[in-house]
Amino acid sequence: MQVSVENTSALERRMTIAVPAERVENEVNKRLQQTARRAKVPGFRPGKVPMSVIRQRYEDAARQEAFGDLVQASFYEAVVEQKLNPAGAPAVEPKSFEKGGDLEYVATFEVFPEFTVAGFDSIAIERLSAEVADADLDNMLEVLRKQNVRFEAADRAAQNEDQLNIDFVGKVDGEVFAGGSAKGTQLVLGSGRMIPGFEEGLVGAKAGEERVLNLSFPEDYQNLDLAGKAAEFTVTVNSVSEPKLPELNEEFFAQFGIKETGIDGFRAEVRKNMERELRQAIKTKVKNQVMDGLLAANPIEVPKALLENEVNRLRVQAVQQFGGNIKPEQLPAELFEEQAKRRVVLGLIVAEVVKQNELKPDEARVREMIQEMASAYQEPEQVVAWYYKNDQQLNEVRSVVLEEQVVDTVLQKATVTDKSVSYEEAIKPVQAPAAD
C-alpha cells in the first residue's frame, strides 16, 4: 500500500492512498464467494450457481461493498503508519477504482494539534477563604422562611409584597391585544413580573376596586409588535392577601426532612449545607481562574470537526433545556461557537496536562467526593452504593476528580494569593464581562 501525506494547513492533511489491485480483487472475490453460498438463482440449486453467473449478477455490488470496506481499513492502517491522530472522519475523494487496477483515493481530514502545555508560572490566582458566621446562618433561615411564605386574606389596601388576585384587559390603540387579558391571576406586588408601572399602579387598591393603568411597553420588550407602545390596562382586584412567614417550629423543620432535633438541629443542618455550598463555590472560582489562565497561556488552533461537534451538542442541550418545537439544527451556530471553542480548547489542554503529568484519578478523592454528594440525602449509604454500581456515573465523578487534580498541578506553580472575604462575597457568582 502506498501512502503520501500533504499538509494543506496547520491541522488539515490531504492523504493519498493506493491499495494494490491484488488486495482489491481478493476482497471482491471473497464477497462473491460468500454470495454464491446463499444466492438463489432460478434453474440452480442454492450453493451450486456457477461463479460466472454470480460474477455477472453480483460483481458490481460486491465491488462497491469492497470499496467501502477497503477505504475504511486502509485509512486506519495509513494513519497508524504515518503516526497521525485524526480529529474527525475524512472526506474521501475516489481517484481510481477500475477493475483489475489499484484502488486510489484521497482522504482529507484534520488532526489533533500537537502542543506542550506551558505557562503555569504565569497564572495568577486569587483564592478566597470564608466562614459561615452566625449572622449568615440567620440570614439563610430568613431566606428559607420567605421561600415558604403563605398568604392570608387582608381587609386593607394593597401594599408591596402582598399577593393580589386580579382580572385585567390590556389594549393598544383601543384594541385588545393577544395575550393581554387574564382572569384570576395571582400577582405579588414588587415581584417585577409585569411591565414597569403595572404593579406600582396597584399599590393602595382594595378588593373589589377597578383601576385603569396607562403604561408603555419597554423599548426592548420581547414581543416586537408591542415594544415601545402605549397601552391601557383595566384591572379588577378580586382579593388582597398579606404574606405570613412560617414559624421556625417542628412543622417547618419537617418540610426539609429534619425531625425531632429542634431548632438547634435544624440550624446545624442548614449550616452544614451552607458550608458545603461555600467549599464548592471557592473551589469553582479557583478552577475558573486556572482554566482562564491555561487558555491565555496556551493559544491553540481548534479542529473544525471538533468545533462543529461541540456546537451541535450545545444546540441539542439548548433545545432540551428550553423545549419548544424548534429543531437543534435550526438554532444559529454563531450562538454557540464561542462557548464551543472554549470547551474544545480546554478539553485539549486538560487532556494534555493529564498526559504530560501522567495523572490518574485518585480513588480516595473519588470516594470522598461521592460521600460529600451523598451527605445531602437522607440515606447517604444507599447513594454511595448506587454510584459504585453504576459505571457511567462513577466515571463521571472520576473525570471531575481528574480535573481537580489538573487544577492542583497548576496551583503548584501558579502565583496564588489568599484573600479572606465574607460568606456572601465568597458564594456570589462571578459576573461575566459586559459585551462591548
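Of the residues in segment 317-328, none is free of Cβ contacts under 8 Å to residues at least 60 places away in the same chain, within 30 Å of G119 (Cβ to Cβ) and surrounded by 12 or more Cβ atoms within 10 Å (Cβ to Cβ). Residue count for segment 210-240 under the criterion of being surrounded by 14 or more Cβ atoms within 10 Å (Cβ to Cβ) and either outside the structural domain of G197 (by TED's automatic domain parsing) or among the charged types (D, E, K, R) (or both): the result is 3.
Okay, residues lined up against (1) of a type in the set (S, T, Y); (2) touching a residue at least 12 places away in the same chain (Cβ under 8 Å); (3) out of contact with any Cys (no Cβ under 9 Å at 6 or more places or on another chain):
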residue	(1), (2), (3)
M1	no, yes, yes
E12	no, yes, yes
N29	no, no, yes
T35	yes, yes, yes
A39	no, yes, yes
P46	no, no, yes
Q56	no, no, yes
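Scanning segment 1-57 for residues that are in a strand (DSSP E or B) and of a type in the set (D, E) gives E6, E12. Restricting to segment 381-430, name every residue that is surrounded by fewer than 18 Cβ atoms within 10 Å (Cβ to Cβ) and either in a loop (DSSP other than H, G, I, E, B) or in contact with a Gly (Cβ under 9 Å, 6 or more places away or on another chain) (or both). Within segment 381-430, N390, Q412, K413, V421, S422, K428, P429, V430 meet the criteria. Here is the figure for segment 135-163: residues that are surrounded by 14 or more Cβ atoms within 10 Å (Cβ to Cβ), more than 34 Å from the chain's Cα centre (by Cα), not polar (S, T, N, Q) and not in a loop (DSSP other than H, G, I, E, B) total 1.
Do we have I263 as touching a residue at least 60 places away in the same chain (Cβ under 8 Å), of a type in the set (V, I, T) and farther than 25 Å from Q159 by Cβ here? Here the answer is no, as I263 does not meet what is asked.
Does E114 meet the test of being out of contact with any Cys (no Cβ under 7 Å at 6 or more places or on another chain), more than 13 Å from A18 (Cβ to Cβ) and exposed (fewer than 11 other Cβ atoms within 10 Å of the Cβ)? Yes, satisfied. Kindly indicate the residue of segment 264-275 that is under 28 Å from K428 (Cβ atoms) and more than 33 Å from the chain's Cα centre (by Cα) and also surrounded by the fewest Cβ atoms within 10 Å (Cβ to Cβ) among those meeting that condition. Selected residue: A268. Across segment 99-134, the number of residues qualifying as part of a strand (DSSP E or B) and either small (G, A, S) or free of Cβ contacts under 8 Å to residues at least 24 places away in the same chain (or both) comes to 3.
Beta carbons closer than 7 Å, at least 6 apart along the sequence or on distinct chains, pair a first residue in segment 240-257 that is free of Cβ contacts under 8 Å to residues at least 24 places away in the same chain with a second that is basic (K, R) for F253/K259.
Filtered by the rule that a residue be out of contact with any Phe, Trp or Tyr (no Cβ under 7 Å at 6 or more places or on another chain), β-branched (V, I, T) and in a loop (DSSP other than H, G, I, E, B), segment 178-228 gives a lone residue, V203. Could you check Q82 against (1) closer than 30 Å to R37 by Cα; (2) modelled with pLDDT of 90 or more and say which number it fails? Tallying (1) closer than 30 Å to R37 by Cα; (2) modelled with pLDDT of 90 or more, Q82 fails exactly one: (1).
Here's a check for you: in segment 373-403, which residue that is under 24 Å from V286 (Cα atoms) and of a type in the set (D, E) is nearest to the chain's Cα centre (by Cα)? The qualifying residue nearest to the chain's Cα centre (by Cα) is E396. Restricting D60, D69 to residues that are modelled with pLDDT of 90 or more, farther than 30 Å from A296 by Cα and part of a helix (DSSP H, G or I) narrows the list to D69. Looking at (1) touching a strand residue (DSSP E or B) at 6+ places or on another chain (Cβ under 6 Å); (2) closer than 17 Å to V169 by Cβ, find the lone condition where A207 falls short. With respect to (1) touching a strand residue (DSSP E or B) at 6+ places or on another chain (Cβ under 6 Å); (2) closer than 17 Å to V169 by Cβ, A207 is out only on (2).
The values are calculated or read from the model by the stated rules, or taken from the named source; none is laboratory data. All of these numbers come straight from a predicted model, not from anything done at the bench. So basically every Cβ, Gly included, is an ideal-geometry build from the backbone, and we count neighbours across all protein chains shown.
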